[in-house]
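The structure appears right after this line, and notes come after that.
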Amino acid sequence: MTDQSRSWLGAAEDALRAAPPTGLLFTARSLLATYLDARWVTLLLADYGLTVLQPVTRLPHTGEAVPVRGEHPAGRAFSAQAAVVEVAGEPGMVTVHLPITVRGDRLGVLSVHLPEPARGTPGVLELAAFATAIGHELLVAERDTDLYLQGRRRKRLTLAAEMQWQLLPGRGLTQNEYTLGAHLEPAYAIGGDNFDWTTTDDHLTITVSDGRGTGIQAALLTNLTVSALRNARRAGISLSDQACLADQAIYGEYGGALYSATLLLRFDLTTGHVQAVDAGSPQLFCQRQDTVERIELETQMPLGMFEETEYREQSLNVKPGDRLVIVSSGVHKAQSRDGSVFGERALRETIAATRGSSTHETARAVVDALVQYHGSHDLPNDAAVVCLDWRGRPNTPVSAAAAPAD
């Protein structure tokens, strides 16, 4: 990147930070017109179901949605997470479609129509950096405006779904040691299933919760579960004690009438050692090379089912190259219309078939297989899928197997 590129990018980032929350697109258009002679700029955000990209315009109106899958260049840029340059009908002009992604969380696409960059002028790399800067500002702006949250909705969310999506940490995270991708379905009517994660310099913690019930009742239960686990985790206590405290909070509120099946995992980023508490029904699968197996853990009582339950940690290990997939009961216990169960075999086949895909695409593929099996997008039960690609840190010990340690 040239000094000239750094100069205009630095000035552009300052201008984006100074823009009002609703003015990011207007500011981006002005900046790109000034520095790169861009003729038009479109901001497209991924909808909750990750099926289309929704153009952001002045609400309540929106432009025509672009399918994520298919031949549209913006959809290809989002799916492949790579810039796509579209040759325009107008001589000397191109349209560059750039994925907007922040630390692995895929937000959408920025499409820019401009003169084809000449040698020595800012090009695709600079535009990609600009798109990333917009992504960071979008996440900050969402604290103060509903514009972008509304802009990516194909239809109205249920109240329960509104609560669940606001609870999420994001839908992806990339660090040197791992890449995460996750998905919830039915996206616009999710009730009790949820996932959470947090990272430090040394550890990654993932939880997948499967709250009992439907609608608002399930959403309230899951909000209590996730909040109780976060509160305990931030107190710096062990994984088993986190489960115990969350169990007490849920039982104290519902007296055992409602409970939350939850899987808790804590990864040591240096060694690949994993501590696990299996409090219910979410299942864990590991793909190592061409083999996909379910990791059998000691299933303990769901959080909040009984008073003052004691939880025990188990240990397992992962190796660089391993892919872990966590699914809620809405996936592994799903039934088709004839009553047959989706089951472990179908899950293993789906995971194996997506080995070359990203974690995001794998999570989505599991949901797609479930929808196909059920025969409808209107799933009768919530489904949560989290996919983790583990790289670990170089020059550190690796384990023999991704299985419970002796």
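The values are calculated or read from the model by the stated rules, or taken from the named source; none is laboratory data. What you are looking at is a predicted structure, and each value in this text was computed from that prediction instead of being measured. Positions of Cβ are generated from backbone atoms using ideal geometry, with glycine treated the same way; all protein chains shown enter the neighbour counts. These area figures cover heavy atoms from the full protein model, side chains too; ligands, DNA and RNA do not enter into them. Shrake-Rupley method; radii C 1.70, N 1.55, O 1.52, S 1.80 Å.
Val94 meets each of the listed conditions (1) free of Cβ contacts under 8 Å to residues at least 40 places away in the same chain; (2) touching a His at 6+ places or on another chain (Cβ under 9 Å); (3) within 24 Å of Ala161 (Cα to Cα) apart from (3). When the range 27-54 is limited to residues that are within 20 Å of Glu86 (Cα to Cα) and free of Cβ contacts under 8 Å to residues at least 40 places away in the same chain, the one that is surrounded by the fewest Cβ atoms within 10 Å (Cβ to Cβ) turns out to be Ala33. When you scan the range 262-280, do you find a residue that is assigned to a helix (DSSP H, G or I), more than 30 Å from Glu349 (Cα to Cα) and not acidic (Asp, Glu), even just one? No, that holds for no residue.
Looking only at the range 257-281, residues that are open to solvent by less than 50 Å² (accessible area, probe 1.4 Å) and among the charged types (D, E, K, R) come to 2 in all. Restricting Glu296, Glu253 to those that are over 21 Å from the mean Cα position of the chain (by Cα) and closer than 22 Å to Gly191 by Cβ reduces the list to Glu253. In the range 208-220, the residues that are of a type outside the set (A, V, I, L, M, F, W, C) reach residues that are assigned to a strand (DSSP E or B) with C-beta atoms within less than 6 angstrom, at least six apart or across chains, in these pairs: Ser209/Asn194; Ser209/Ser260; Ser209/Thr262; Asp210/Asp193; Asp210/Ala261; Gly211/Ser260. Considering only residues in the range 122-132 that are of a type outside the set (S, T, N, Q) and outside any loop (DSSP other than H, G, I, E, B), the one that is nearest to Arg153 (Cα to Cα) turns out to be Ala131.
With respect to the stated conditions, Thr132 fails to be touching a residue at least 60 places away in the same chain (Cβ under 8 Å), hydroxyl-bearing (Ser, Thr, Tyr) and under 29 Å from Tyr188 (Cβ atoms). Of the residues Thr299, Thr359, only one is of a type outside the set (A, V, I, L, M), in contact with a Cys (Cβ under 6 Å, 6 or more places away or on another chain) and in contact (Cβ under 8 Å) with a residue 12 or more places away in the chain; which? Just one listed residue meets the conditions, Thr359. Counting only strands (runs of 3 or more DSSP E) wholly contained in the range 12-121, the ones carrying 2 or more residues that are more than 20 Å from Glu137 (Cα to Cα) occupy 84-87, 93-102, 105-115. For the range 282-299, the tally of residues that are surrounded by fewer than 20 Cβ atoms within 10 Å (Cβ to Cβ) and either farther than 23 Å from Asp241 by Cβ or of a type outside the set (A, V, I, L, M, F, W, C) (or both) stands at 9.
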